[in-house]
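Below you'll find the structure, written out as structure tokens, and then a few comments.
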Amino acid sequence: MTENSLLSSASIVFLGHFNPIIMHPQWFNRYKVLPIQETQKAEGEKPKVIEIPYEGKKVVLEEASLTSVTAGYAYIPFPSLTIEVTLDRYVCSSTKSENFNLIKEVTVKTFNILEHTPIKSVGTNFEGHWKCKSSAQDTLKSLFAKDDDSFKNKFGDEYHIGGAISFQENGRRVTLRINKSNLLDDGVHFNFNFHKGGLEAQQAKEAVEIINTNYNDDINNSIKLAKELIGEPENTWKP
């Protein structure tokens, strides 16, 4: 198991003022932000072909593009990642761990080009679902209610518990949420958020610098901290 496989999704979020209508697959192709194979599939020029067996024959279907770009909203599901933009929010995300670095590259390239975009805050998010070696509830209780019988006395032995831990680090607010997984039996779901608000310049340059400086370390630190709190998982949920 590779280190990055411990995370099942990642995203970069900018808050500010954006122009969704320019975020078209053709724009990403024109400025070489993504390879043409990615932009063509997002545009629907190369539809995904699906073969379904039916009564001894094969039915061939073409999966249409879900891309939508308007003046107020853009949704572009590239094969490797998804970009969603409103007038006040930009999100670049992926559920494929091999593309987590691509999220950073695409965001940095995009806002190096759109350098005058007003951006007031930056966030990165990482999450995963882990299969615990022992009971997920025992793991969570040891984190949030160790040596404390008040919950047990009130709710009995079968109560579920989870929680959030928030702290400041290098001028950013870091929030970790840990709860029982809704996808895995005896699994734990965790979500890390690294947030930096109040950007002084309110232009893309400062936001890009924050991503360039912190993104890779944020991935590694998320894995390290989760391991220390939860322990090494038996296996990891993959989308």
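The values are calculated or read from the model by the stated rules, or taken from the named source; none is laboratory data. Everything numeric here is computed off the predicted structure, so don't read it as measured data. Here the Cβ positions follow ideal geometry from the backbone for every residue, glycine too, while neighbour counts run over all protein chains shown.
Annotations
- Subset of segment 113-145 (residues that are crowded, with 21+ Cβ neighbours inside 10 Å and part of a loop (DSSP other than H, G, I, E, B)): C132
- Contact map, segment 97-109: residues that are under 19 Å from V85 (Cβ atoms) and in contact (Cβ under 8 Å) with a residue 24 or more places away in the chain paired with residues that are surrounded by 17 or more Cβ atoms within 10 Å (Cβ to Cβ) and of a type in the set (S, T, N, Q), Cβ distance under 6 Å, separation 6+ or inter-chain. Pairs shown: I103/S94.
- When the strands (runs of 3 or more DSSP E) confined to segment 151-239 are screened for residues that are farther than 17 Å from T124 by Cα and at pLDDT below 90, those reaching at least 2 such residues are found at 187-196.
- Flag for S9 being closer than 22 Å to Y215 by Cα, of a type in the set (S, T, Y) and modelled with pLDDT of 90 or more: yes
Residue-wise test of (1) among the small types (G, A, S); (2) within 21 Å of S134 (Cα to Cα); (3) surrounded by 15 or more Cβ atoms within 10 Å (Cβ to Cβ).
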{"site": "G162", "(1), (2), (3)": "yes, yes, yes"}
{"site": "I165", "(1), (2), (3)": "no, no, no"}
{"site": "K180", "(1), (2), (3)": "no, yes, yes"}
{"site": "D186", "(1), (2), (3)": "no, yes, yes"}
{"site": "Q203", "(1), (2), (3)": "no, no, yes"}
{"site": "V208", "(1), (2), (3)": "no, no, yes"}
{"site": "N221", "(1), (2), (3)": "no, no, yes"}
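- Selection within segment 65-79 - surrounded by fewer than 17 Cβ atoms within 10 Å (Cβ to Cβ) and more than 21 Å from F100 (Cα to Cα): L66, S68, T70, A71, G72, Y73
- Among the residues of segment 12-41, just one is part of a helix (DSSP H, G or I), modelled with pLDDT of 95 or more and either in contact with an Asp or Glu (Cβ under 8 Å, 6 or more places away or on another chain) or more than 22 Å from G72 (Cα to Cα) (or both), namely F28.
- Residues in segment 80-112 that are surrounded by 17 or more Cβ atoms within 10 Å (Cβ to Cβ), touching a Phe, Trp or Tyr at 6+ places or on another chain (Cβ under 6 Å) and either among the aliphatic types (A, V, I, L, M) or not in a helix (DSSP H, G or I) (or both): E84, V85, Y90.
- T175 vs. criteria surrounded by fewer than 18 Cβ atoms within 10 Å (Cβ to Cβ), of a type outside the set (K, R) and more than 17 Å from I119 (Cβ to Cβ): yes
- Residue match in segment 45-58 (condition: more than 24 Å from E228 (Cα to Cα), of a type in the set (S, T, Y), modelled with pLDDT of 95 or more and part of a strand (DSSP E or B)): no
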